[in-house]
Structures are given as structure tokens and as C-alpha cells.
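Input: a single structure, listed below in C-alpha cells.
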Amino acid sequence: MRRLLVAGNWKMNTVRKTAEALASGVASGAKPHLATVDVLVCPPFPYLVPVAAALAGSGVSLGAQNVWHEPKGAFTGETSADMLLDAGCSHVLIGHSERRHVLREPDDLINRKVRAAIGKGLHAVLCVGELPDERSSGRTQAVLDRQMESGLAGVEAGDFGKLTIAYEPVWAIGTGVTATPEQAQQAHDHLRKWVAARYNPEVAKALRILYGGSVTAKDAKNLFEQADVDGGLVGGASLEAEKFVPIIEAAAAVTASGK
Ligand code: PEP
């Protein structure tokens, strides 16, 4: 039985005051549902520590949006896994489409980050997903296979307790175009089968696969009801507690309905 996870990626938004207020709003809205649903927020680096304080004792987890794979040293502007743990993070997003496509992070760098994060005890949320033309030309599954193969190189079956996959089709991120529940289910089913074949069926069955891409409270329930959709990675709709908490509520309702 996989618990649903609702994760908020705040990207490069908020200032300290609004980050603290948003964290408090999420914490109080999530409270009645944390017995059945997991909740994670990923603020910008400068606000990890104040958000950790705002979330203290709430049961809402804290994640970073990126990590550097080296433990320390001359890497100007970068942040190590140990620093994230020290700031109160339990999770880190790796390979988000904006880092892959805007900042040109290559597959091998993403893999180093995944291995470094897991090696230090952080929970890695590895984001994968196809570009619009990759979907329209029928290459979605091949792209997902490549991103999984390269992203998880050197990751063992025993590491999967520290891993979540987020399927985020690039054409759906920040566009207002959400994948249909059927499109999401099809991709998630493919990803789970890939893990079953490459690792083993037990690991695949236990792995959480989130859907990300313009999720709102309106479509969350239909997405989360899909057999292989284990929650959501939410960008825009995670920036206001009034929009994010109803997505948590949708996850709780789906869980209560017996999924
Ligand atoms: C994201 O940033 O991971 C994301 C899915 O963004 P949005 O919900 O805004 O599409």
C-alpha cells in the first residue's frame, strides 16, 4: 500500500515573510490529513531554515529544489547534501525539467546528484518527463527509459526506500495543460514496469510515482485515483495555501475511498 504524497515546488518564489506564512498555512491545512497523506514543501534555498522553523513539529516534510553532488569545497554557488540535512531537509528534487532544459543539466550530472543525495540519507525525488515534440513524435516511453536508465545508474534496489519518481511532462509544467488521467496513468504504468524489469517487482510495487504538470484542486482527485499515480508534485498551485490544501484534501479523499 503506497501512501499518497502531495509535494509543493515553490520554485523561485516567495520572500522570507511569505515563505513562513505559506509554510504555516500548509501546516495547519494539512494537519487533519497527515494520518493518511504525506506532504512536502520545497522552498527556495534562503528560506529553508525559516520554513523548517515554521514547520517544526507539524509533520510536513521539507525539501530542497536542487543539490550539488560533491560533499564540499570550491563549488561557488552550490549546496551540498550535508548542508541540506543541516538546514532540516529530508527530501530534494533532482532533475526538474527547468534544471534539465533551462539550465542544461545533463543526465550524468543528474545521476551524480541522485547518488550523492541517497548516499547522504536524503530522499531523492527524481523528475523525468518528455518534451512536447518527443510526445508528438511517439518518443515518450523512449525518453522516460533513457532518463530512468541514466538517472538511476549505480542506484541499487536497496536504495529505493530513499527514492521517489516524479513524472512531469514538460508540456504540462506551468502551462495550464494538465495531462489527462489516462495519459498520466499510461506513463506511470510504463515507469513502474521499467523498474520491475530493471530491478524487481517488489521494488516497483513500493515505489511512489508522482504526477506533476499544472495540477490544481480541480483535477487532483481524478489524477490521484489512477492506480499508478501516487500523488502530485505541484508548482503554481503550491504557492497559496488556499490552492494547495485542497489538493491535499483530494489526496485524503482518494485514500479514504479505499485506493
Ligand atoms: C513543477 O514545478 O514541478 C510543476 C509541476 O509546476 P506546475 O504545477 O506549475 O505545472
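If you place +1 on the Cβ of every Lys and Arg and -1 on the Cβ of every Asp and Glu, how big does the dipole about the Cα centre of segment 197-253 come out, in debye to the nearest 20?
160 debye
Say R0 is 25 Å: what FRET efficiency, to the nearest 0.05, do residue 242 and residue 133 get from their beta-carbon distance? Can you show the working numbers first?
Values: r = 36 Å, r/R0 = 1.42.
Once rounded, the FRET efficiency stands at 0.10.
Quick check: net charge around residue 185, other residues with Cβ under 11 Å of its Cβ, Lys/Arg +1 and Asp/Glu -1? If you can, show how the numbers build up before the last one.
Working: positive: 192; negative: 182, 189, 225, 228.
Counting the neighbours of residue 185, the net charge comes to -3.
Going by amide H atoms built from the backbone, whose H comes under 5 Å of the H on residue 66, apart from near neighbours?
For residue 66, the qualifying residues are 93.
Could you tell me what % of all Cα pairs in segment 54-135 have separations over 18 Å? Intermediate values should be presented prior to the final figure.
Numbers: 1453 of 3321 pairs.
So the portion of pairs separated by more than 18 Å is 44 percent.
If R0 is 35 Å, what FRET efficiency do you get for residue 45 and residue 156 from their C-beta distance, rounded to 0.05?
Numbers: r = 29 Å, r/R0 = 0.84.
It comes out at approximately 0.75.
Where the only charges are on Cβ atoms (+1 Lys, Arg; -1 Asp, Glu), what is the dipole of segment 148-259 about its Cα centre, to the nearest 20 debye?
On the way: 10 positive and 14 negative charges, 24 e Å.
Dipole about the Cα centre, nearest 20: 120 debye.
For residue 61, which sequence-distant residues (separation of 5 or more, or a different chain) have an amide H within less than 5 Å of its own amide H, given hydrogens modelled in the peptide plane?
Hits under the 5 Å cutoff: 39, 40, 41.
Towards the positive end of the charge dipole of the chain, with charges on Cβ (+1 Lys, Arg; -1 Asp, Glu), say which of 23, 229, 8 has the farthest Cα.
It is 23, whose Cα lies furthest towards the positive end.
Output ³J(HN,Hα) for segment 151-156: one whole-Hz value per residue in order, computed from phi by the Karplus curve 6.51 cos²θ - 1.76 cosθ + 1.60 with θ = phi - 60°, and x for Gly and Pro.
Karplus values, whole Hz, x for Gly and Pro: x, 9, 4, x, 8, 9.
What is the extension gain from residue 16 to residue 3, computed as 0.36 nm multiplied by their sequence separation minus the C-alpha to C-alpha distance, in nm to one decimal? If you can, show how the numbers build up before the last one.
Values: separation 13, 0.36 × 13 = 4.68 nm, distance 3.07 nm.
The span from residue 16 to residue 3 would gain 1.6 nm if fully extended.
Any chance you could run the full-extension gain for residue 225 through residue 200? It's 0.36 nm times the residue separation minus the Cα-Cα distance, nm to one decimal. Mind dumping the intermediate values first?
Values: separation 25, 0.36 × 25 = 9.00 nm, distance 2.45 nm.
So the extension gain works out to 6.6 nm.
Just want to confirm a number: the relative contact order over segment 5-256, from Cα pairs under 8 angstrom separated by 6+ residues, in percent.
Numbers: 484 pairs, mean separation 52.1, N = 252.
Once divided by the residue count of segment 5-256, the mean separation gives 21 percent.
Give a residue-ordered list of calculated ³J(HN,Hα) values for segment 83-89 (Karplus: 6.51 cos²θ - 1.76 cosθ + 1.60, θ = phi - 60°; whole Hz; x for Gly, Pro).
Per residue, the Karplus-derived 3J(HN,Hα) values read 5, 5, 4, 5, 7, x, 7 Hz.
Multiply the residue separation of residue 78 and residue 141 by 0.36 nm, subtract the distance between their alpha-carbon atoms, and state the gained length in nm to one decimal.
Values: separation 63, 0.36 × 63 = 22.68 nm, distance 3.22 nm.
Computed gain between residue 78 and residue 141 is 19.5 nm.
Summing +1 for each Lys or Arg and -1 for each Asp or Glu, what net charge is found among the other residues whose Cβ lies under 13 Å from the Cβ of residue 250?
Values: positive: 218, 221, 243, 259; negative: 219, 225, 249.
Surrounding charge for residue 250 is +1.
How large is ³J(HN,Hα), in whole Hz, for each residue of segment 38-44 in order, when computed from phi with the Karplus curve 6.51 cos²θ - 1.76 cosθ + 1.60 and θ = phi - 60°, using x for Gly and Pro?
9, 10, 9, 10, 10, x, x
Between 181, 44, 132, which gets the highest mean-square fluctuation from a Gaussian network model of the chain, Cα cutoff 10 Å?
132
Report Rg(Cα)/(2.2 N^0.38 Å) for the chain, keeping two decimals. Write down the numbers at each step before the final one.
On the way: Rg = 16.9 Å, N = 259, 2.2 N^0.38 = 18.2 Å.
Taking N as the residue count of the chain, the ratio is 0.93.
With charges only on Cβ, +1 for K and R and -1 for D and E, what is the dipole size of segment 5-256 about its Cα centre, in debye, rounded to 20? Numbers along the way, then the final one.
Numbers: 24 positive and 28 negative charges, 58 e Å.
Roughly 280 debye, rounded to the nearest 20.
Please state, as a whole number in µm²/s, the translational diffusion coefficient that the Stokes-Einstein equation yields for segment 68-221 at 25 °C and 0.890 mPa s, with Rh defined as the Kirkwood radius across alpha carbon pairs. The partial results should precede the final answer.
Values: Rh = 16.1 Å.
Answer, rounded: 153 µm²/s.
All other residues with a Cβ under 12 Å from the Cβ of residue 44 taken together, and with Lys, Arg as +1 and Asp, Glu as -1, what is their net charge? Don't skip to the answer; put the middle values down first.
Working: positive: 11, 16; negative: none.
Summing Lys and Arg as +1 and Asp and Glu as -1 gives +2.
What is the distance in Å between the Cα centres of segment 167-220 and segment 67-101?
A separation of 24 Å, based on Cα centres.
Test of understanding: in a Gaussian network model of the chain with alpha carbons linked when under 10 Å, which of 27, 142, 217 would top the mean-square fluctuation ranking?
Largest GNM mean-square fluctuation: 142.
Across segment 92-244, how many lysine pairs, 8 or more apart or on two chains, come within less than 23 Å at their alpha-carbon atoms?
Numbers: 113/162; 120/162; 162/193; 162/205; 193/205; 205/221; 218/243; 221/243.
The result is 8.
Quick note: the coordinates plus some simple rules give every number you see, no bench work behind them. Note that the structure is predicted; figures quoted are calculated from it, not measured. Quick reminder, even Gly has a Cβ in these numbers, built from the backbone with ideal geometry, and neighbours come from all protein chains shown.
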